[in-house]
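Structure first, commentary second.
The values are calculated or read from the model by the stated rules, or taken from the named source; none is laboratory data. Everything quoted here is computed from the prediction, not taken from an experiment. In this analysis, Cβ positions are derived from the backbone assuming ideal geometry, glycine residues included, and neighbour counts consider all displayed protein chains. For the accessible areas, the whole protein counts, side chains as well, though only heavy atoms, and no ligand, DNA or RNA atoms are used. Shrake-Rupley method; radii C 1.70, N 1.55, O 1.52, S 1.80 Å.
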Amino acid sequence: MDLAMRPEDVAFRDEVRAFLDENLTDELKAHARLTPGILADHDLRVEWLKRLYKRGWSAPSWPKQYGGTGWNVMQRFIWSSECASAGAPSGSNMGLSMVGPTLMGHGTDAQRAEYLPRILSGEDWWCQGYSEPGSGSDLASLQCKAVSDGDDYVINGTKLWTTGAHIANKMFCLVRTDTSAKPQEGISFILIDKFNAPGIKVEPIITLAGDHEVNQVFFDDVRVPKKNRVGAENNGWTVAKYLLEFERGGAAHGANLRNSLNRLKVVAGTEHSSDGTKLIDDPAFRRKIDETDVEVTAVEFTEHRIMSQLSNGQNPGAAASIIKLRGADTSQKITELAMEAIGYYAEPHVLEARQWGSNVPPVGPDHALMVMPKYLNARASSIFGGSNEVQHNIMAKLVLGL
């Protein structure tokens, strides 16, 4: 895989930079900085998506036939790197990163025609109905039921840790349609396109960082047309595995990690150790940064291989587990080093100072404001999308043949 910058790559990079200079407002960048997790202000995220949509850039990884950019591996790498460096909102758009690719692979023509254009334009916003109380990493044990009733399913049960359910208008969901089959064989994959329908209740879960990002969703006799099922009945596990490959391998981990590491280096050049030496010049701390730099580089090149596979029409397979695992671990390590760098400035919890438009000043330097929230939020990255233990098992089986 040749990653050298050719003249056409340099021209594309300049085009991207010009677009970001023109469209990435200070308000959008500020919201991206003040968000510890994956949910920035929703209205601004939609505004950013609409700006991308107007340019035809809202789906960098989609093929042109479905409204995507059709960019090659290098172009996608340049795009994600420049967005990360410029401070563009990254966030979580499950429609673009998961629902869209899944419908391309397993949906009907009617489903693709109905949903893909609305995902591209930002008209629809999706959340994921997978985990349940007692069914997280062991997803095959889920109990949320969908009972057949004519042309509909009637759903009862609950979903937990549902990211963005309070702002979504649609959900992709795993439900049990056959209680007598083996756990993985009795599950179906359905689209709930009226997420505000009667019988659906969303309860917020406030994280330790003080943010409303996840929720619990309750279903009480919710009717969903069978035409909204993706794939065959009781074959949802196959569809879900396909989708998880994009959840675990489709994000620009490398570019975001590189940007986070660069910010850490700036902080280390400002803060001092106990003997008055700048942290960036302290041999022990500098070694930690250099070791992390090597790990970030390894993530970047692993991600390049995954992007190459996707661009050639291949599934990332077990490589998606590798990048998910290493991306989560490295992200957590960077937040840990940032905590070490700011020292006692990690203690104050001034939630109001993180709100857009607030006149409440932070306690300590500006660069310390989001360190603790990001550290707390990053703890979940080794669990969501399949826990690290699950990823180790997948790699042991599919990569090492154990």
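Descriptive notes on the structure:
- Potential lengthening between Ala11 and Lys241 on full extension [0.36 nm per residue; Cα-Cα distance subtracted]: 79.0 nm
- Among the listed pairs Lys29/Lys324; Lys29/Lys374; Lys145/Lys397, a Cα-Cα separation exceeding 28 Å is found for Lys145/Lys397.
- Amide H contacts for Gly186 (H built 1.01 Å from N in the peptide plane; partners 5 or more residues away or on another chain; cut-off under 5 Å): none found.
- Cβ crowding within 10 Å averaged over residues, with 182-194, 102-114, 120-132 ranked highest first: 120-132, 182-194, 102-114
- Calculated [θ] (222 nm, deg cm²/dmol) that DSSP helices of n ≥ 4 give over the chain, each run adding -39,500 (n - 2.57): -14500 deg cm²/dmol
- Electrostatic bookkeeping for Ser131 treats Lys and Arg as +1 and Asp and Glu as -1; over the other residues with beta carbon under 12 Å from its beta carbon, the sum is -1.
- Between helix 253-268 and the chain: long-axis angle, C-alpha atoms, 0 to 90°, nearest 10: 30 degrees
- Dividing the convex hull volume of the alpha-carbon atoms in the chain by its residue count gives 151 Å³ per residue.
- Under 5 Å, built H, 5+ apart or other chain: amide partners of Asn235: Phe189
- Build a GNM of the chain with springs between Cα atoms under 10 Å apart, and of Lys333, Lys170, Lys54 the one that fluctuates most is Lys54.
- Cα-based Kirkwood hydrodynamic radius, segment 250-402, one decimal, Å: 17.1 Å
- All other residues whose Cβ lies under 9 angstrom from that of Ser188 are scored, Lys and Arg at +1 and Asp and Glu at -1, for a net of 0.
- Annotation for segment 154-192 versus segment 340-402: alpha-carbon center distance of 28 Å.
- Between Val266 and Ala181, the contour length at 0.36 nm per residue exceeds the alpha carbon distance by 25.0 nm.
- Net charge in the neighbourhood of Arg229 (other residues with Cβ under 14 Å of its Cβ; Lys, Arg +1, Asp, Glu -1) is -3.
- Å² of accessible area per residue within segment 331-402, as computed with a 1.4 Å probe and no ligands counted: 58 Å²
- Per-residue 3J(HN,Hα) values for segment 358-364, derived from phi via the Karplus relation 6.51 cos²θ - 1.76 cosθ + 1.60 with θ = phi - 60°, read 6, 9, 7, x, x, 8, x Hz in sequence order (x marks Gly and Pro).
- A simple rule links phi to the HN-Hα coupling: the Karplus curve 6.51 cos²θ - 1.76 cosθ + 1.60 with θ = phi - 60°, which for segment 6-22 gives 7, x, 5, 5, 5, 5, 5, 4, 5, 5, 4, 4, 5, 4, 5, 4, 7 Hz, with x for Gly and Pro.
- The H on the amide N of Glu132, modeled in the peptide plane, is under 5 Å from the matching H of Leu160, each at least 5 residues off or on a different chain.
- Model label points for Thr25 and Lys278, set 7 angstrom from Cα along the Cα-to-Cβ axis, are 3.6 nm apart.
- Nearest-ten-degree value, helix 109-121 long axis tilted from longest Cα axis of the chain: 30 degrees
- Put simply, the Cα atoms of segment 69-132 extend 36, 31, 21 Å along their principal axes, the longest span coming first.
- When all alpha carbon pairs of segment 80-174 are counted in 10 Å bins from zero, the resulting P(r) reads 14, 35, 38, 11, 3, 0 %.
- Across all Cα atoms of segment 312-362, the radius of gyration (one decimal) and Dmax (whole number) stand at 18.1, 50 Å.
- Most mobile listed residue (Phe19, Phe195, Phe172) in the chain, GNM with C-alpha springs under 10 Å: Phe19
- Site pair Val294 and Glu347 shows an inter-label distance of 3.6 nm when each label is modelled 7 Å from Cα along Cα→Cβ.
- Crossing angle, helix 318-342 versus the chain [Cα axis fit, 0-90 degrees, rounded to tens]: 40 degrees
- Computed 3J(HN,Hα) for segment 143-150, one whole-Hz value per residue from the Karplus formula 6.51 cos²θ - 1.76 cosθ + 1.60 where θ = phi - 60°, is 10, 4, 9, 10, 9, 5, 8, x, glycine and proline marked x.
- Chain lengthening between Arg379 and Val147 when straightened (0.36 nm per residue, less Cα-Cα): 79.9 nm
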